[in-house]
Each structure stands twice: as C-alpha cells, then as structure tokens.
Amino acid sequence: MLRLRPVLALTLALSAVLPAFAERPDWQLELERIMAHPDWIGPPVEQPYWALDGRAIHYSLKREGSPVRDLWRAPLDGTPSRVDDAERATLDAADPVFDAERRRALFVRGGDVFLRDLASGELRQLSRTPKDESRPMFSSDGSAALWRIGSDWWGFDFERGLSIQLTDLRTEKDPQAEPDADPLRDMQLRLFETLQRGKQDRDALRERDRELRRADPTRPISPVYLGDALTLADSALSPDRRWVLLVTEAKDADTGRDGTMPKYVTESGYEEVEDVRTRVGRNAPIGQQVKLVDLNDGSVHSLAFDPLPGIADDPLAELRKRNEQPALEGQRAVRVDGIEWNRDGSQVALMLRAVDNKDRWIATVEFGDRQLVSRHRLTDPAWINWSFNGFGWVPGTTDTLWLLSEHSGWSKLYTLPLGGKPRALGEGRWEADDVHWSPDGRTAYFLCNRAWPGDYEVCAADRESGSVREVTALDGVDDFVLSPDGQRLALRASSSHTPPQLHVVDLADGRSRPLTDTRSDAYRARQWPAPQFVQIPSSHGAGSIHGKFYRPAELQPGKRYPIVLFVHGAGYLQNVHARWPVYFREQLFHHLLVEHGYLVLDLDYRASAGYGRDWRTAIYRQMGHPELDDYLDGIDWLVEQQQGDRERVGIYGGSYGGFMTFMAMFRAPERFVAGAALRPVADWAHYNHEYTSNILNTPTIDPEAFGKSSPIEYAANLQGHLLISHGMIDDNVFYQDSVRLAQRLIELRKDKWELASYPLERHAYQQPESWYDQYRRVFELFQRTLQPTD
C-alpha cells in the first residue's frame with residue numbers, strides 16, 4: 001500500500017483541550033477542534049413536549065462529557081431550568097391522548113400509565129408494574145383507560161377503581177379443544193361406554209365454565225388460543241372493547257443465514273464474535289397474516305388479502321423469467337405497517353405493504369363479513385418510499401381517513417371519506433410530512449418545503465377548502481408539537497451553523513420567539529460563513545441539481561482552484577437545506593478546506609430526499625450512475641463558473657458517500673485524482689435486504705442490476721489515489737466490504753491506495769480520536785494529490 005509522505009505547510013498537532021477553546025474567542029479553525037466531541041459546540045434541544053396545561057415546554061439536553069440526558073422546562077413566561085429528579089414524578093410526558101371532551105389525558109411515563117384531570121390538574125397513577133405499558137387510550141364510552149402490555153390489553157375501570165385484563169392471547173393449542181379427526185379414536189369411543197361418559201363429562205364441565213363466565217362479569221376472561229404454529233407481531237384493541245385485530249407470523253420461518261462479525265479489541269482480552277444481519281436476498285421479510293378476534297365469544301377469524309387490488313400480480317415476473325427464476329405462486333406476501341381504530345371502535349384501518357415493496361394499501365374491515373375492504377392503493381414500479389406513510393382518522397370524525405401519498409409524484413396530505421375518493425390538501429412540487437391535526441379536525445399542520453426543497457416550515461391546511469399556508473418563517477424547522485389547546489406550536493428550528501433550538505409560535509398571529517440557546521460560548525463567539533445554496537444545470541435531463549457551495553470570499557483573477565466534492569450518505573437523505581446538518585463535522589471540515597484554497601461542492605444528487613418521487617427512484621436498478629452524472633455536471637459548473645481546476649478534483653463521503661466515491665474513482669477514473677471512501681459499500685450483494693432489495697431487487701432475480709451497481713465490478717479501472725476507511729465492528733456496512741475490495745485491488749496490482757481500519761468503531765463513529773485520525777488522512781490525501789507541488 002502507498003505510505004503517506006509528510007505534508008508541507010500544514011500543522012495538525014494536537015493542541016488544546018476543550019476548556020481552553022472558550023478562553024480564546026479568536027481561535028483558529030483546526031482539524032482536531034473540528035473532530036473533537038461535539039460537546040464543544042453545545043447540545044441540541046431534543047424531544048420537546050408540552051405540559052398539559054400549555055404553560056411550559058419540556059425537553060431533553062445532554063450533559064457535557066456524559067451520555068446522560070437531563071429534563072428541562074421552558075415556561076412560556078420565564079427562563080428555562082433543569083427539572084429536579086424528584087419533581088419528575090409530578091410531570092406529564094410526551095404523546096398524551098385525550099378523551100372525547102378533552103377533559104382528561106392519558107400518558108405513559110417510565111413504562112406506567114397516568115391520568116391527568118385537565119380542569120383540576122390532579123394526577124393519578126393507573127399502573128405500576130415492572131413491564132412496559134404502551135398505547136394508552138380511552139374506551140369509547142370514556143369509562144375506562146386501556147393500554148397494552150406485551151401483546152395483551154388491560155383496562156382500568158374509573159368507577160370501580162379496578163384493573164382488568166381484557167385479553168389473554170396464547171400462541172398454543174387449546175388443551176380442551178376437540179382433537180383432530182382420527183378413525184382409531186372414533187372406534188374407541190364407539191366401542192367403550194366408559195370413554196364416552198368421560199368425554200361427555202368433560203364437555204359438560206367445559207360448557208358450564210363458559211356459561212358462568214358469560215353470566216358472571218367478575219370472573220377472569222377466557223384465554224384465546226391461536227395455535228402453536230404462529231407468533232404474535234402486533235395487536236390492536238377496539239375502543240369499545242369488542243374486537244382485537246392481530247398480526248401474526250409463521251413460527252420458525254426461515255429468515256436466512258445469519259452473519260458473524262469478529263471483534264479483536266475487547267474488554268476480555270480474547271477475540272469475540274458478534275451475530276449480525278444476513279445479506280440481501282437471503283433474508284426476505286416473511287409474510288404476515290391478519291386475524292380478527294371477537295371478544296364477545298372468543299372466536300378467531302382470518303382476514304384474507306384477496307380484496308387488495310393487484311395482490312396476485314407479480315411486478316418482477318419478467319425479471320424472474322429472464323433470469324430463469326421460478327414464477328411467483330399465488331399472492332404476494334404482505335406485511336402490516338400500522339393499525340388505527342377510530343374513536344368509537346366502529347371502524348379500523350390497516351396499512352399493508354407487499355414484501356416486494358411495490359404496493360401499499362390502506363384497508364378497513366367489514367365486521368359482518370369478516371373481510372378486508374381496500375380503500376387506497378399506492379403502487380410504484382420502483383419502490384414505495386420509506387417515508388410519507390402516515391395515516392389515521394381525522395379528529396372529530398369516525399368515517400374519514402387522512403393519509404400521506406406520493407401518488408402525484410410528491411408527498412401530499414389527503415383526506416379519504418369511506419366510500420369516497422381521496423382529496424389532496426394542497427398541490428405543487430413540494431412535500432408534506434409529519435402531520436398533526438387540530439383538536440377539532442378542521443386544520444392539519446405539517447412540515448412542508450414549498451419555497452425551495454431545503455426550506456422547511458410548518459404549513460396549515462384547511463380541511464374544508466383544501467387551502468394551504470405557511471405558519472412559520474424560520475427557514476429551518478426540524479419538527480414540532482401542537483399545544484394541547486391547538487393554539488401554539490413548540491418546535492425545534494436550526495440553521496446551517498446553529499444546532500436545533502426550542503421556539504414557540506403563536507398560531508393566532510404567527511409570531512415566534514426562541515426559548516433556548518444551548519451553544520457554547522466558544523462556538524457562539526465565532527462568525528461562521530454560511531454555505532451558498534446553488535443550482536447546477538443538469539446535462540442529463542434532471543433539471544437543476546441543488547448544492548451547498550463553499551469557496552473563498554474572493555477568487556483571485558486567473559487562478560484555478562482544486563476541487564473537493566462531498567457525497568452525503570444514506571442515498572435517500574437530504575443535506576442541501578437550511579437546517580443543522582447531520583454532517584456538521586464535515587461542514588466545518590469544508591470551511592477548513594476553503595481556508596487551504598479549495599472549492600467544495602456538496603450535492604443533493606438523484607436519490608436524495610426532498611425532491612419528489614422521480615428524483616428518488618432515478619437510481620432504480622442502476623445505483624451509482626445518475627448520481628455520478630450529477631457530480632460530473634458539478635465539476636463542469638465549478639470549472640466554467642467558479643475557476644475550478646478540472647485537473648485537480650477529489651471526492652469523498654461516508655456509507656453511500658463511500659460507495660459513490662468508489663463509483664467515481666472506478667467509473668470515471670480520468671476525472672478524479674483522489675478519493676476517500678469512508679465505511680463504504682463495495683458490493684451491494686453483501687448489504688441488507690430491507691434497503692437493497694427496494695432499489696436492486698435481489699441478486700438471483702436481478703443479477704444485472706447488482707453487476708451494474710456494485711463498485712467491486714469496476715475496480716480494475718482505478719487510476720487515482722484512493723483512501724479506504726472503515727470501522728472493524730461496523731454492523732451496518734460490514735468491514736468485510738472493504739477487506740474484499742482490498743483483496744481485489746491486491747490481485748489487480750493497484751498501487752495508489754491504502755486501507756485505514758478502526759478496531760472499536762461501528763458505522764457511526766463515536767470516538768474523537770477516530771474522527772481525527774480519519775479526517776487527518778483525508779486532508780493529507782487531498783493536500784498531497786490536489787495542491788500544486790511548486
């Protein structure tokens with residue numbers, strides 16, 4: 001491997017510890033400071049929620065030098081302060097649910113259920129168990145609180161003060177059930193009267209027990225036996241306590257061969273092995289089934305998927321035939337993504353998804369016929385988005401659903417009356433997400449990016465007129481929570497150089513004000529230059545490619561500047577926006593590169609989030625191809641418009657960004673002098689099923705897509721200088737990816753590459769020493785290969 005040479009005119013020495021930063025407000029930007037633990041920046045506000053009286057907002061803050069989070073309170077008319085541990089027992093918690101009159105609220109805190117009377121403020125604890133209660137709700141008549149423990153449901157009767165188990169679901173055979181038909185058994189009962197009398201006595205006792213249970217409401221409920229061939233994946237109780245909807249899976253289904261990952265640096269001093277995921281195509285999700293239990297009589301009814309339109313069609317039939325794979329037999333397998341009962345329990349909605357991820361249905365249940373009724377189908381020849389799948393019942397109604405859908409090509413909010421057609425609230429080339437309804441169901445609030453794809457605000461949609469308006473003007477809203485009375489928003493907002501902070505917005509007049517500033521003095525003291533948001537013309541029919549551009553304040557006339565391109569990870573992620581980036585370290589690194597004479601461009605290439613369905617699915621069956629075209633257009637723009645040097649181009653990124661670095665270095669070797677691939681995917685056949693099969697199908701069904709999209713297939717083309725960096729206990733993109741590519745480069749006799757390994761790092765690096773070492777190598781690579789030698 002290539003050995004690093006000394007870098008001239010560069011000081012990267014370890015200099016100051018964190019406390020010293022605050023003593024020098026004029027400190028210089030240095031690599032060690034950039035890659036230090038982010039405590040030096042200040043903690044972002046996390047997980048805000050309203051107190052139920054609407055007078056304060058609670059949120060979490062990480063302690064400096066510790067993983068511990070403290071709870072803080074920000075009163076609307078005062079100064080934020082930390083909540084004492086003892087005081088937590090008196091507080092509300094996030095995600096409360098209200099009764100029909102909004103006089104009482106239920107919430108789960110510390111795994112137990114609490115009831116708050118909103119008029120008196122009285123707090124009542126309804127459960128105290130070592131198990132975790134979840135999904136609290138009020139019964140449809142308001143007489144009880146309901147919640148789930150494991151797969152079973154419990155209730156608390158307010159009038160009697162009694163805790164009641166409402167379901168006893170057992171995945172085993174009924175010990176008292178009639179055995180399967182057997183001629184030998186029939187003969188025994190026919191021949192021997194003693195056996196007949198024994199059976200009759202048992203039957204009589206069993207029937208008497210059923211009669212007593214029906215007549216005596218004080219007795220425990222009867223178990224519901226589901227058989228021993230399945231497991232329970234989910235259960236949802238109707239608010240009227242009549243029905244339970246179950247999601248089941250076949251027991252002992254083949255989920256593929258698990259992988260193993262060696263660990264070399266361990267507390268024990270011995271080598272250890274960790275079990276990890278299986279590979280794409282070898283662990284396809286198993287199908288699920290839906291069962292309806294009538295709690296009046298304990299009967300169990302299977303709900304067939306036949307009513308789902310397209311369920312028997314195979315979108316991959318042509319690929320199966322082309323690659324001599326067996327044809328699909330029967331219906332496609334389905335999984336359940338969510339279950340939502342309406343308030344009175346008269347109807348339930350399910351979100352169902354084909355395991356090939358090319359269809360998503362919303363269905364309700366016809367209780368009389370015990371069958372599903374399809375209400376909405378979203379189909380996509382590529383794949384259904386991971387995002388934009390929210391749905392539920394519009395508050396104040398029992399017969400109108402709301403849902404998010406990319407049906408138009410952009411995520412939009414729809415209302416859907418049962419028996420009617422979906423109606424979009426708002427239109428245009430922008431996306432809606434994270435929906436919160438006003439208590440009366442007249443207004444929906446959601447995140448939107450109407451001005452440009454990276455400007456996120458809170459929008460409000462009127463359900464009657466369908467009109468949409470922005471109710472914030474902060475440019476970088478991260479998320480929000482509606483106040484209990486529906487009059488205010490608590491939200492987290494950020495900017496390119498300010499981590500998420502707490503704001504409150506009055507919906508009556510749109511006024512907003514910040515409640516926190518958690519940045520450190522040292523970080524706040526420096527004036528950070530904002531990146532330029534640019535649009536790069538596409539020469540490949542993609543319109544404009546949005547980017548973040550970092551450059552010196554003034555370009556010297558006639559000078560050509562070396563270029564560094566950054567590639568964000570995840571594929572489907574957005575980094576060109578006005579909010580605090582996931583890649584905040586890399587953003588500061590880009591400022592450092594600018595100080596050393598580079599131009600830096602960060603693109604939301606095709607596959608990125610925020611730009612609609614077609615932008616996302618442009619990579620279907622061809623990962624690394626449209627994205628590379630976008631970066632080649634970026635180089636052209638930098639050369640033609642910003643004095644970039646076409647002969648001195650470097651590229652880097654992590655995860656998907658590492659994969660794209662490989663694709664750039666291997667597929668366009670004449671365009672890139674150097675690249676740093678961090679925790680990269682080298683062969684998509686070794687990545688996981690949930691992500692990869694959506695985009696490339698599976699290696700047996702679609703080998704062409706994997707061959708076209710896997711960097712290891714192009715490794716022979718490497719010409720430039722390549723740094724590969726990988727954590728050795730990465731359980732997302734396995735270290736094996738980089739090791740396999742290294743062996744390929746060895747056999748190809750390639751010489752300008754190196755592999756840096758980090759024994760104690762997973763996919764998301766945690767230790768400042770690793771961050772520093774990795775980016776020292778990236779910086780030195782670019783300095784050595786892209787800067788002039790004279």
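The values are calculated or read from the model by the stated rules, or taken from the named source; none is laboratory data. Note that the structure is a prediction, hence the values are computed from the model and not measured. A quick note on method: Cβ atoms are made from the backbone with ideal geometry, for glycine too, and the neighbour counts reach across all protein chains shown. These accessible areas exclude ligands, DNA and RNA; they are computed on the full protein's heavy atoms, side chains included. Shrake-Rupley method; radii C 1.70, N 1.55, O 1.52, S 1.80 Å.
When residues in the range 404-436 are screened for being assigned to a strand (DSSP E or B), touching a His at 6+ places or on another chain (Cβ under 8 Å) and open to solvent by 50 Å² or more (accessible area, probe 1.4 Å), 0 of them pass.
The residues of the range 377-403 that are part of a strand (DSSP E or B) and either among the β-branched types (Val, Ile, Thr) or farther than 25 Å from Gln622 by Cα (or both), listed by number, are Arg377, Thr379, Phe391, Gly392, Trp393, Thr400, Leu401, Trp402, Leu403. Screening Pro499 with (1) under 21 Å from Leu71 (Cα atoms); (2) touching a Gly at 6+ places or on another chain (Cβ under 6 Å); (3) surrounded by 19 or more Cβ atoms within 10 Å (Cβ to Cβ); (4) not small (Gly, Ala, Ser) gives one miss only, at (2).
Go through Tyr605, Tyr620 for me and flag whichever is buried (at least 23 other Cβ atoms within 10 Å of the Cβ), assigned to a loop (DSSP other than H, G, I, E, B), on the phi < 0 side of the Ramachandran plot and among the hydroxyl-bearing types (Ser, Thr, Tyr). Before you say what the answer is, go through the steps one by one.
Working: Tyr620 fails: buried (at least 23 other Cβ atoms within 10 Å of the Cβ).
Among Tyr605, Tyr620, only Tyr605 is buried (at least 23 other Cβ atoms within 10 Å of the Cβ), assigned to a loop (DSSP other than H, G, I, E, B), on the phi < 0 side of the Ramachandran plot and among the hydroxyl-bearing types (Ser, Thr, Tyr).
Looking across Ala349, Ala354, one residue alone is in contact with a Leu (Cβ under 7 Å, 6 or more places away or on another chain), within 18 Å of Val247 (Cα to Cα), modelled with pLDDT of 95 or more and small (Gly, Ala, Ser). It is Ala349. Go through the residues of the range 647-658 one by one and say whether even a single one is open to solvent by 40 Å² or more (accessible area, probe 1.4 Å) and farther than 30 Å from Gly558 by Cα. Checked against the condition, which is being open to solvent by 40 Å² or more (accessible area, probe 1.4 Å) and farther than 30 Å from Gly558 by Cα, the range 647-658 yields no hits at all. For the residues Arg124, Arg128, the requirement of being assigned to a strand (DSSP E or B), farther than 14 Å from Asp95 by Cα and free of Cβ contacts under 8 Å to residues at least 24 places away in the same chain singles out Arg124. Checked against (1) modelled with pLDDT under 95; (2) out of contact with any Gly (no Cβ under 9 Å at 6 or more places or on another chain); (3) open to solvent by 50 Å² or more (accessible area, probe 1.4 Å), Ile286 meets all criteria but (3).
Against the list (1) touching a residue at least 40 places away in the same chain (Cβ under 8 Å); (2) open to solvent by 10 Å² or more (accessible area, probe 1.4 Å), the condition Phe672 fails is (2). Taken together, the residues in the range 743-790 that are open to solvent by 40 Å² or more (accessible area, probe 1.4 Å), at pLDDT 95 or above and of a type in the set (Ser, Thr, Tyr) amount to 1.
Criterion first (within 19 Å of Arg135 (Cβ to Cβ), in a loop (DSSP other than H, G, I, E, B) and either of a type in the set (A, V, I, L, M, F, W, C) or open to solvent by 60 Å² or more (accessible area, probe 1.4 Å) (or both)) does Arg241 satisfy it? Yes; evaluated as a whole, the condition is true for this residue.
Here the range 437-459 is the region considered, the condition is being more than 24 Å from Val576 (Cα to Cα) and in a strand (DSSP E or B), and the residue that is least open to solvent (accessible area, probe 1.4 Å) is Ala444.
Taking the range 502-533 as the range and being assigned to a strand (DSSP E or B) and open to solvent by less than 20 Å² (accessible area, probe 1.4 Å) as the test, the residues that pass are Leu502, Val504, Val505. Going through the range 707-724 one residue at a time, which ones are open to solvent by 10 Å² or more (accessible area, probe 1.4 Å), in a helix (DSSP H, G or I) and not acidic (Asp, Glu)? Across the range 707-724, the qualifying residues are Gly707, Lys708, Ile712, Tyr714, Ala716, Asn717. Filtering the range 101-117 for residues that are part of a loop (DSSP other than H, G, I, E, B), surrounded by 15 or more Cβ atoms within 10 Å (Cβ to Cβ) and in contact (Cβ under 8 Å) with a residue 60 or more places away in the chain leaves an empty set.
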